[in-house]
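Have a look at the structure below before the remarks.
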Amino acid sequence: MATNVLICDDSSFARKQMARAIPKEWEVDIHFAGDGVEGVQAIREGKGEVVFLDLTMPNMDGYGVLETIRKEDLPAMVIVVSGDIQPDAQDRVRKLGAMAFIKKPIDADKAREVLTEYGILTGA
Amino acid sequence: MSVTSTAVSLNEDQRDCYQELTNVAMGQAADRLARLLDVYVVLPIPKVNLIESSDLHMAIQDAETDSAMSAVCQGFIGSGIAGEALLLFNDTSFSDLAALMNYGGELDRYGELELLMDVSSLLIGACIQGIGEQLEIHFNQGHPVVLGQHCKVDDILKSGNHQWTKTLAIEIHYTIEHVNIDCDLLLLFTEDSVAKLNNKINYLLD
């Protein structure tokens with residue numbers, strides 16, 4: 001069965017870049033959200049089994065999304081994809097329950113490596 | 001081929017793309033500042049606008065226009081694309097910056113100048129190179145020039161002698177968590193550069 005993947009980023013350019021970096025052989029339904037509020041809504045609807053999450057967004061930022069996921073105990077595996085590469089940012093998102101951190105600009109090999117490392121992408 | 005003078009423009013996709021490229025570049029700059037000062041730099045969403053040079057002060061939305069500022073500008077050029085980076089530093093930020101940098105000397109005009117130069121070269125350099133890398137342009141940077149110390153924003157902007165009328169202005173407002181440090185980084189691209197930059201951007205958007 002296809003995995004529901006959510007790409008949550010306020011930039012349409014970044015969403016496109018992220019969608020392109022998803023391994024071709026991975027069977028997925030890709031959903032998009034333009035800010036944290038939309039993102040949380042999509043996750044509640046089950047569209048975010050795996051979430052690629054940006055941090056700097058209007059309305060609700062990535063930290064807010066992670067806090068909501070934790071508070072509501074939503075079933076989502078979150079990989080943060082951000083340009084904010086400060087050591088503190090990486091620490092904070094991990095403490096908030098993010099599984100991994102990938103720096104922008106997203107690179108297809110790095111995405112594959114992380115997905116494989118956490119057993120999300122198997123076989124092939 | 002006829003030469004037509006096309007008006008410089010910016011559509012929504014292009015604006016979004018500039019914003020995202022800046023987002024990545026300013027993250028790299030913030031990372032360097034964070035490691036230097038051992039702080040967390042709060043990253044905003046950068047503002048991208050195509051404006052008349054005479055309306056430059058309108059691009060500076062976040063700077064406190066009433067407070068005293070010090071400013072540095074530095075030109076950059078590469079692949080036929082040229083512009084200026086302008087760092088506006090709020091004067092009230094100097095004491096906290098000096099403490100974080102373990103600055104031992106007296107914090108007079110010269111001390112402030114030294115700190116201003118250190119921060120501006122770090123932020124401007126990392127931002128310009130970060131944007132250049134993503135567009136595969138190597139930017140050469142000119143010497144930094146101090147535009148003024150303890151001035152009002154309007155006076156600083158008046159001193160800029162911009163030859164072009166329209167400019168692509170990217171504004172990044174940096175603040176640092178828990179301390180009183182804030183500054184505004186403006187990247188201004190010349191009118192002639194915008195068409196070339198847009199071509200590069202369109203290639204990424206394809």
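Structure above, values below:
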read-out	value
Net lengthening on full extension, B:HIS178/B:ASP192 (0.36 nm per residue, minus Cα-Cα)	0.9 nm
Cα shape, chain A, gyration tensor, a/c 1.5 rule	rounded
Projected label distance in nm at B:LEU122 and B:LEU107, using a 7 Å step from Cα toward the beta-carbon	1.6
For chain B: relative contact order, % (alpha-carbon pairs under 8 angstrom, 6 or more apart)	35
Within 10 Å of each Cβ in B:148-156, the average number of Cβ atoms from other chains	0
Too-long pairs where the Cα-Cα distance tops 32 Å, listed order kept, from A:LYS47/A:LYS95; A:LYS103/B:LYS47; A:LYS24/B:LYS47; A:LYS16/A:LYS95; B:LYS152/B:LYS196	A:LYS24/B:LYS47; B:LYS152/B:LYS196
Per-residue mean of C-beta atoms belonging to partner chains within 10 Å, peptide A:75-84	3
Candidates A:ALA33, A:ALA76, A:ALA21: whichever shows maximal mean-square fluctuation once chain A is modelled as a Gaussian network with Cα springs under 10 Å	A:ALA21
Estimated 222 nm signal from helices in chain A, with DSSP H stretches of n ≥ 4 weighted -39500 (n - 2.57), rounded to 500	-11000 deg cm²/dmol
Length released on extending from B:HIS138 to B:THR92, taking residue separation times 0.36 nm less the Cα-Cα span	13.1 nm
Where A meets B: accessible area buried, both sides, 1.4 Å probe, Å²	1800
Loop GluC sites (Glu not before Pro), segment B:27-134, which have at most 14 other Cβ atoms in a 10 Å radius of their Cβ (DSSP)	B:GLU64, B:GLU106
Accessible surface of the protein assembly as shown, 1.4 Å probe, proportion on carbon and sulfur as whole %	49
Shielded residues, segment B:12-37 - accessible-area loss of 40 Å² or more between chain alone and all protein chains, probe 1.4 Å	B:ASP16, B:GLU20, B:ASN23, B:VAL24, B:ASP31
Inter-probe distance in nm under a simple model that places probes 7 Å from Cα toward Cβ, at B:THR165 and B:HIS150	4.0
Heavy-atom accessible area per residue - segment B:10-162, 1.4 Å, Å²	43
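The values are calculated or read from the model by the stated rules, or taken from the named source; none is laboratory data. Quick caveat, the model's predicted, so the values are computed rather than measured. Every residue, glycine among them, receives a Cβ derived from its backbone with ideal geometry; neighbour counts consider all protein chains shown. These area figures cover heavy atoms from the full protein model, side chains too; ligands, DNA and RNA do not enter into them. Shrake-Rupley method; radii C 1.70, N 1.55, O 1.52, S 1.80 Å.
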